[in-house]
Structures are given as C-alpha cells and as structure tokens.
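Report on the structure given below.
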Ligand code: GDP
C-alpha cells in the first residue's frame with residue numbers, strides 16, 4: 001500500500017514522528033513539495049536530528065529517499081544535511097535521489113525573500129526567509145533553474161542563459177544594487193560534482209518501483225491550511241501541501257496514492273501571520289505553548305496556540321480525501337479541566353459549518369465551541385486505547401465524529417513507543433502487511 005502522510009492543520013503537527021514511525025513499512029519515502037523551511041525533529045540513537053530537506057526515512061537503513069520535482073532545493077542546505085548525516089555515521093550512498101526537474105534555490109532568492117517580507121510591512125506572512133517563495137516565483141515565471149540544467153555548465157549553454165535571465169529579473173526587483181551573473185553561474189558549477197550522483201528521473205524511478213510492488217510513503221511538508229491553493233491565502237506557503245501535490249510534485253498518477261493519513265494535533269498551532277480562529281491569547285495559550293514546546297523547529301519562533309478546530313480539520317478531510325487521522329500530542333492536554341472544540345464559526349449573523357474561502361471573512365469569524373471535560377489521570381506515554389482515561393477516549397471519539405474519519409494513531413509523547421495504533425485501522429493494516 002502506498003500512503004500519503006500530510007499535515008491536516010497549519011503545519012508542525014508532529015508529522016516527523018509519524019513518518020518515522022511508519023517508515024519501516026515502506027521501501028521508499030518521497031517528499032513532494034516545500035524546501036528546507038520544513039523542519040522534522042527525530043531522534044536517532046538518542047541524538048536529536050533536525051532534517052529540513054532530506055526525508056527522515058534516510059535514518060532507516062535500506063530505505064530509499066526521494067526529493068521530488070515539486071521540492072525546491074538549496075544545494076548548500078542539502079550538503080549541510082548530508083554532512084550532518086555523515087557525522088552521525090548514516091550511510092546515504094545510493095539511497096537519496098533528487099529529481100532532475102526540481103527547481104534550485106539560488107543564492108539571492110533568500111535576499112529577495114527578506115526584501116519581499118519587509119515590503120509587506122504591516123501584513124507579513126511570516127516566511128522563514130530561506131528563499132523558498134522566490135524560487136517558486138521563478139519556477140512559475142518560467143525562468144527558474146532546475147537541477148538537471150546544471151549538467152551543461154558551458155558559458156553559452158542553457159544554464160548560463162537562464163542564470164543571466166534570472167539575475168536580470170532580480171536586478172529589476174532590487175533597486176540600488178546590481179548582481180553579476182558570473183559568480184552565480186560559478187557557484188552552480190561548483191555544486192554539480194557533488195549533486196550529480198544523486199540526480200535521477202525520480203518519476204520514472206517511482207513508476208518502476210511501484211510496478212514491482214515496492215511500497216512508497218509520500219511525505220508532505222507544512223500543512224493543509226498553508227497550501228498555496230487551499231490554505232488561508234495569502235498567509236500560506238508557496239506550494240501544494242495537500243494530497244494533490246503528491247501527484248504533481250513526484251510525477252505519479254493519483255491512483256498510485258492508495259490512502260491518505262492526515263496528522264493533526266489534539267489542539268491547534270500556527271506560526272507566522274494569518275487567521276487562527278481558535279487562538280488563545282491568555283494563560284491557557286501560554287500553558288499549551290510551554291507544555292507542548294511549541295517553538296518552531298526551523299526558526300525557534302513561538303507558535304500561536306489554540307483549541308482543536310474541527311472545522312479546519314474537517315476541511316482537511318475534504319480537500320485531501322483523508323482516510324484517517326493521526327492525532328498527536330494528546331498528552332499536552334493532560335490536566336486541563338475543560339477542552340473546548342470549535343464545531344463551527346459565527347461570522348456576523350451567519351453560522352458556518354465549513355471553512356470560508358475568503359481569508360478576510362475567516363479572520364472575522366468567532367469559533368462556536370462545544371466544551372468537553374478534561375482528564376486528571378495522565379495520558380503521557382500511554383500505548384493502548386483502553387488505558388486512556390475515559391474522558392480522553394470520549395474526546396478522541398468526538399473529534400472523530402466531528403471530522404468524519406477515524407483516528408488510526410494517537411500519539412502520547414515524542415518517543416516512538418509513546419503511540420497508540422488503533423486495532424483494525426489503516427495503520428494497523430500496514431503493520432499486518434509488513435508482518436505477513
Ligand atoms: P513536524 O514538522 O510536523 O514534524 O512537527 P515538529 O517536528 O515541528 O514538531 C513536533 C514536535 O513535537 C517534536 O519535537 C516531537 O518530538 C514532538 N511530538 C510529536 N508527537 C508528540 C506527542 O504526541 N506528544 C508530545 N509531547 N510531543 C510530541
């Protein structure tokens with residue numbers, strides 16, 4: 001079974017742990033969008049490893065990892081991660097493939113990112129300023145440079161031509177300074193020898209692998225509400241984090257995706273600007289942030305925290321065709337007396353059950369809460385559903401009803417073992433296939 005695992009909220013849902021947990025069931029892990037703005041925290045042999053670009057599947061011997069055409073690649077960031085893996089003694093040889101069609105983040109894309117964010121002044125998006133947005137802009141403007149273009153470094157070849165075009169576009173945007181194109185071309189020439197052995201037609205590789213029955217996990221970065229099309233535009237990332245992005249971002253047919261698992265926290269967080277209907281500003285928000293350690297893995301920025309928003313997750317169920325949820329960080333709610341859950345939005349006189357498409361309208365919405373009782377007995381580290389306090393089971397059951405899909409996984413701690421896999425669920429069946 002090929003499974004797509006993605007974020008069902010605003011990113012940082014704990015996908016890293018879930019992907020890491022499921023990796024032993026797959027031969028291949030493939031990333032389909034985003035850049036090194038994603039940050040997955042995993043623990044390998046007691047050491048904390050934060051991977052931004054390379055799928056964490058690389059930490060599992062024998063698993064092949066793919067960086068698909070939908071990802072934007074900063075070669076220097078990639079090399080830094082390869083060095084980090086080498087220092088940990090992780091052998092990557094032959095197990096990491098980068099699509100020849102993936103677009104490159106060029107040295108000045110970061111500078112453009114910072115400038116664009118400064119121009120937004122009062123309405124910043126809260127980007128990570130790593131050049132990801134500008135690299136996608138160049139891709140869509142059809143002047144981007146792809147990994148495969150590096151194969152011909154000649155001064156009159158298509159690469160040199162594209163670099164000249166790209167630098168001219170940058171100089172047009174940035175007043176007061178003029179960048180020379182030659183150093184950019186030289187930098188790209190310099191990265192090719194190390195990049196080249198990793199480069200492949202990854203669409204064709206996946207096609208053959210799937211035809212031979214090798215199981216693939218498609219790994220999304222960020223989350224549904226940050227999707228360029230289906231998120232809270234313009235406070236979004238520059239790519240399709242939703243399930244459709246797996247098909248376009250890897251060059252696979254949609255029927256190659258057999259099931260979709262959405263990862264959602266038992267509450268809600270968001271980094272950066274944009275509406276967050278259930279946001280808590282007072283002591284409870286602070287309590288969630290501290291207990292959940294809600295600080296960005298990539299940037300260290302404090303995350304905005306709020307109650308579980310069933311409207312948002314129900315929306316994620318729809319736009320991704322989710323089969324099931326993995327609900328993470330249930331333990332963070334331990335000890336709270338009451339747990340309000342947003343079941344709808346009040347917007348002026350209207351009551352909405354669905355996510356409005358208009359972000360300004362969403363910003364004016366007030367959540368309509370249903371309040372569930374909390375629990376006193378801790379859930380931290382619990383590994384079976386039956387051991388959860390009665391109120392925690394009722395909470396999960398209500399989230400399942402409100403979102404319309406079952407919770408296949410409930411996570412009760414950052415450790416791999418602090419996990420409940422529900423009997424007969426999608427994830428339980430994956431295990432059964434692997435055990436057979
Ligand atoms: P990702 O980008 O979606 O993988 O999310 P992050 O890596 O930014 O955040 C996940 C953080 O939460 C990591 O530090 C995990 O170790 C931690 N985490 C994951 N699941 C749980 C859980 O069930 N309980 C607790 N307390 N922490 C968790």
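Quick notes on this one:
- Residue 233-residue 115 pseudo-label distance in nm [points 7 Å out on the Cα-to-Cβ vector]: 2.5
- Likely footprinting exposure, 25, 103, 212, fewest C-beta neighbours within 10 Å first: 212, 25, 103
- Exposure proxy for 95, 318: other Cβ atoms within 10 Å of each Cβ, ordered fewest to most, give 318, 95.
- Residue order, fewest to most surrounding Cβ atoms within 10 angstrom, among 4, 347: 347, 4
- Kirkwood hydrodynamic radius (C-alpha pairs) into Stokes-Einstein, the range 306-428, 20 °C and 1.002 mPa s, D in µm²/s: 140
- Rounded to 10°, Cα long-axis angle of helix 426-435 versus longest principal axis of the chain: 70
- Residue 182-residue 151 FRET efficiency (beta carbon distance; Förster radius 22 Å; 0.05 resolution): 0.70
- Between 0 and 90°, nearest 10: helix 390-403 axis offset from the chain longest Cα axis: 60
- In terms of packing, defined here as the mean over residues of other Cβ atoms within 10 angstrom, the peptides 134-141, 226-233 line up highest first as 226-233, 134-141.
- Potential extension, residue 371-residue 337 segment - 0.36 nm per residue separation minus Cα distance: 11.2 nm
- When restricted to Cα atoms, the chain yields an Rg and a Dmax of 21.8, 70 Å, respectively.
- GNM result for the chain, Cα springs below 10 Å: residue of 320, 171, 69 fluctuating most strongly: 171
- Computed E for residue 383/residue 86 - FRET, C-beta separation, R0 35 angstrom, nearest 0.05: 0.55
- Cα gyration tensor, the range 1-104 - rounded (a/c under 1.5), prolate or oblate: rounded
- Taking the longest Cα principal axis of the chain as reference, the axis of helix 181-195 is set at about 70 degrees.
- Estimated at 0.36 nm per residue, the fully extended path between residue 168 and residue 318 surpasses their Cα-Cα distance by 49.8 nm.
- Rounded to the nearest 500, the 222 nm mean residue ellipticity of the chain from helices alone is -9500 deg cm²/dmol, with -39,500 (n - 2.57) taken per DSSP H run of at least 4 residues.
- Difference of contour (0.36 nm per residue) and Cα-Cα distance, residue 350 to residue 390: 10.9 nm
- Here the simple spin-label model places points 7 Å from the Cα toward Cβ, and for residue 48 and residue 291 these points are separated by 2.1 nm.
Coordinate-derived values only; no laboratory data. Note that this is a predicted model, so its numbers are computed, not measured. When we count neighbours, we look across all protein chains shown, and the Cβ atoms used for this are built from the backbone with ideal geometry, even at glycine.
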